[in-house]
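Below is one structure; the comments refer to it alone.
The values are calculated or read from the model by the stated rules, or taken from the named source; none is laboratory data. What you see is a predicted model, and the numbers here were worked out from it, not measured in a lab. Cβ sites come from the backbone with ideal geometry, for glycine too, and all protein chains shown count toward neighbours.
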Amino acid sequence: MLTDMRDLKRDFIDRVSRILAKEIEKINDHLPRDSKTLKELLEMDEPKVLTKSGDELIMDKRELEMIANILPAQHHGKLRLPIIILRMIEMGEGVYMICGGDLEVQVIDKVLGQEAVYRHDGKAFLYKPYVAILRSRLRTTTVIGFVPSME
């Protein structure tokens, strides 16, 4: 009987986990299907990328030019946009992880100031108040995604 209860509990947890994973996937439909480099976007008349749902995410030329002024020209072909900021549900409401690498973090450092970015174990994080400021300054070149954990 104890084994039956464990199996039922495990089945229930697996079912709920699958449902949650599908819902999070739906929530993230606005994330880019692919990204483009800053250089590519600056050369476009209407800079945009496609989202996972097939919609267009149009980026503001002024934001792109601001980012271009932040980064040395030799990095324009390496920085991929939009910058994805992930809200990691397991870490609580106020913690977000910056996806990408050093260039993305460098841009955010310049926009918010170095004290805004918290670094730990090779990853870079932002707290909620800084995310709000970042989104007000880079509204079209950053997106927020949601993940249950860092794994």
Quick check on this structure: which one of GLU40, GLU93, GLU23 is of a type outside the set (A, V, I, L, M, F, W, C), in the same structural domain as ARG119 (by TED's automatic domain parsing) and farther than 26 Å from ILE133 by Cβ?
GLU40
Assess whether ILE67 counts as being at pLDDT 95 or above, surrounded by fewer than 17 Cβ atoms within 10 Å (Cβ to Cβ) and among the hydrophobic types (A, V, I, L, M, F, W, C).
no
Filter region 49-64 down to the residues that are assigned to a strand (DSSP E or B) and either touching a Leu at 6+ places or on another chain (Cβ under 6 Å) or outside the structural domain of VAL107 (by TED's automatic domain parsing) (or both) and list them by number.
VAL49, THR51
Here the residues within region 97-134 that are surrounded by fewer than 17 Cβ atoms within 10 Å (Cβ to Cβ), in contact (Cβ under 8 Å) with a residue 24 or more places away in the chain and charged (D, E, K, R) are LYS110, LYS123, LYS128
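Residues checked against (1) closer than 25 Å to GLU56 by Cα; (2) outside any loop (DSSP other than H, G, I, E, B):
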| position | (1), (2) |
| --- | --- |
| GLN74 | no, yes |
| ARG87 | yes, yes |
| ARG119 | no, yes |
| LEU126 | no, yes |
| PRO129 | no, yes |
| ARG135 | yes, yes |
| ARG139 | yes, no |
Breaking point among (1) outside the structural domain of ARG80 (by TED's automatic domain parsing); (2) not in a helix (DSSP H, G or I), for ARG6:
(2)
